[in-house]
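The values are calculated or read from the model by the stated rules, or taken from the named source; none is laboratory data. This one's a predicted model, so the numbers in the text were calculated from it and none came from an experiment. We place every Cβ from the backbone using ideal geometry, glycine too, and count neighbours over all the protein chains shown.
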Amino acid sequence: MSIIDFYEWYDLCLSAAQKSNVPSFELDWLILRLTHLDKLDLRLRSPNITQKVTPELLTKLDQLWQKRLCDRLPVQYLAGSVTWRDLDLQVTPAVLIPRPETELIIDIVAEHCQDMIYQKGVWIDLGTGSGAIAIALAQYFPDAQIYAVDVSESALEIAKINANINNQINKQKIQFHHGIWFEPLAKLNLQNQLVGVVSNPPYIPSDEVLNLQPEVAKHEPHSALDGGIDGLDDIRELVNVAPAFLISGGFWIVEMMAGQAEIVRSLLRANGKYKNIQIHLDYSGIERFVSAQIN
């Protein structure tokens, strides 16, 4: 392969991306993810490209990019991995792709949970998916016990792999459990023992799921997206059941979609067992998280 061959292919792919309304930066991301080329080399069209992109690799890149354009497969699934915070995570269609805005949930926890009780207590990540939140919690609270729960056994397998990749199996006991929300914890008799509940639950209204962009609607797991008629079925469950498991002062936080903040706040108030209810914005200024503490 010559330098001309690679950049001829690259330019054709950029043109096809524009025609398909696919962001061109995704092509660069895929190339850099699979080749470990220097970003500047690619931008400057350096001859160094030819040393790492063999004809076989170029064929693989082309096949993957065609899947991106024709099948609308997300590039993260094509590469099989994504960087989230400082974690390198494997992702497959069995799990949602961790979003950048979800990173903030860890920052909010860090800001509000500095007391020693949170540092050494028991935390739960409900609907763990790829394990991103649980692993990040384990990194931030190295002396805490983390439980990660998911209804999908396939998702839990990915989460376990990611915990191992990010060195959390031996350094931090993350316990993975299969089940619906708090059910595995009830079996473990963890009532009134948790210091924190963290969740990025399904929150998209059912009739909106199929209308999401095709990358999401066609390929990401609907069970991790569909939150019922108004999108709040699972959040209601988390509001109502969490007080039985959290200690006094225990921290509760969920992610939600734009427009749900006031409803979630009203659910927490109506429950009567929460205090310090706060709404938090994401990077775009959208009301994305609600946190609270148990009375």
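Annotations
- Close contacts from the stretch 219-240, counting a first residue that is on the phi < 0 side of the Ramachandran plot and without any contact (Cβ under 8 Å) to a residue 60 or more places away in the chain and a second that is surrounded by fewer than 21 Cβ atoms within 10 Å (Cβ to Cβ) and among the hydroxyl-bearing types (S, T, Y), with Cβ to Cβ under 7 Å and a gap of 6+ residues or different chains, come to D226/S206; I229/S206.
- Residue check, A136 farther than 19 Å from W252 by Cβ and surrounded by 22 or more Cβ atoms within 10 Å (Cβ to Cβ): no
- Inter-residue pairs, beta-carbon under 9 Å, first more than 16 Å from V53 (Cα to Cα) and in the stretch 7-21, second of a type outside the set (A, V, I, L, M, F, W, C) and not in a helix (DSSP H, G or I), 6+ apart: L14/S24; A17/P23; A17/S24; Q18/S24; S20/R72
- Residue satisfying all of: in the stretch 267-295; in contact (Cβ under 8 Å) with a residue 24 or more places away in the chain and part of a loop (DSSP other than H, G, I, E, B); nearest to Q119 (Cα to Cα) among these: N295
- Residues of the stretch 61-98 that turn out to be of a type in the set (K, R), under 20 Å from I31 (Cα atoms) and out of contact with any Pro (no Cβ under 7 Å at 6 or more places or on another chain), as a count: 2
- Filter result for the condition that a residue is modelled with pLDDT of 95 or more and closer than 27 Å to N295 by Cβ, over L188, L156, L194: L194
- Residue under evaluation L210, criteria (1) at pLDDT below 95; (2) within 24 Å of E103 (Cβ to Cβ), criterion not met: (2)
- Residue check, S291 in contact with a strand residue (DSSP E or B) (Cβ under 9 Å, 6 or more places away or on another chain) and either under 15 Å from D125 (Cα atoms) or charged (D, E, K, R) (or both): yes
- Residue within the stretch 67-86 that is farther than 19 Å from I247 by Cβ, assigned by TED's automatic domain parsing to the domain that holds M256 and under 12 Å from the mean Cα position of the chain (by Cα) present: no
- Boolean, K218 is surrounded by fewer than 16 Cβ atoms within 10 Å (Cβ to Cβ), within 19 Å of A136 (Cα to Cα), at pLDDT below 95 and not small (G, A, S): no
Here's the yes/no breakdown for (1) surrounded by 23 or more Cβ atoms within 10 Å (Cβ to Cβ); (2) basic (K, R); (3) within 16 Å of the chain's Cα centre (by Cα):
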{"site": "W123", "(1), (2), (3)": "yes, no, no"}
{"site": "G127", "(1), (2), (3)": "yes, no, yes"}
{"site": "A144", "(1), (2), (3)": "no, no, no"}
{"site": "K160", "(1), (2), (3)": "no, yes, yes"}
{"site": "Q175", "(1), (2), (3)": "no, no, no"}
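- Hits in the stretch 242-266 - residues which are part of a strand (DSSP E or B) and either crowded, with 22+ Cβ neighbours inside 10 Å or among the β-branched types (V, I, T) (or both): L246, I247, G250, F251, W252, I253, V254, E255
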